[in-house]
Amino acid sequence: MLLRNCAGGVVFYANQVFILKNDKNEWVLPKGVIRNEDLSWEVALRRVKVEAGIDADIIASAGGTSYEFFSISRKQPICNEITWYIMSTTSKHYKVNHDLGFKEGGFYPVDKAISMITYSQDKSLVSLSYKKYKAIKRIKVVV
């Protein structure tokens, strides 16, 4: 089995979160493989920019997820282990990268996004990240 370390972002704008529809019609979060000497947080920010055109800032760690699949092109099973970051942006502007196979995307109210997201672990990730995001934003406002 090929093990790949990846990183991604759960990007919030106010009470909305950004999700993408990939070429398999799955609603997912922006993420990518960590290569060479890259750091996970660098990859997460870069993938959010490349896949969605969003300039975001990391405000906290969101933990990790993993999933396995069989790669037809590589003819072997793959395990992606993803380190996630909670991110915030000051603009709702985005540009879905169709060249990477993404069909659509956007900022959606968190409850709606959770109902749209394909995978249950991503649904849980967004839910938990939103709670942490709100707590951090509340602390920053009070301070």
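The values are calculated or read from the model by the stated rules, or taken from the named source; none is laboratory data. From a predicted model like this one, the values you see are computed outputs, not experimental measurements. So basically every Cβ, Gly included, is an ideal-geometry build from the backbone, and we count neighbours across all protein chains shown.
Some points to look at:
- Going through (1) surrounded by 13 or more Cβ atoms within 10 Å (Cβ to Cβ); (2) modelled with pLDDT under 95 one by one, residue 71 falls short only on (1).
- Scan of the range 35-61 for residues that are crowded, with 19+ Cβ neighbours inside 10 Å and either at pLDDT below 95 or closer than 11 Å to residue 7 by Cα (or both), ordered by number: 43, 44, 45, 47, 48
- Residues of the range 8-56 that turn out to be part of a strand (DSSP E or B) and within 20 Å of residue 70 (Cα to Cα), as a count: 5
- So residue 17, is it within 22 Å of residue 118 (Cα to Cα), in contact with a Leu (Cβ under 8 Å, 6 or more places away or on another chain), surrounded by 15 or more Cβ atoms within 10 Å (Cβ to Cβ) and modelled with pLDDT of 95 or more: no
- Among the residues of the range 93-123, those identified as under 18 Å from residue 134 (Cβ atoms) and either within 14 Å of the chain's Cα centre (by Cα) or in a loop (DSSP other than H, G, I, E, B) (or both) are 107, 108, 110, 113, 114, 123.
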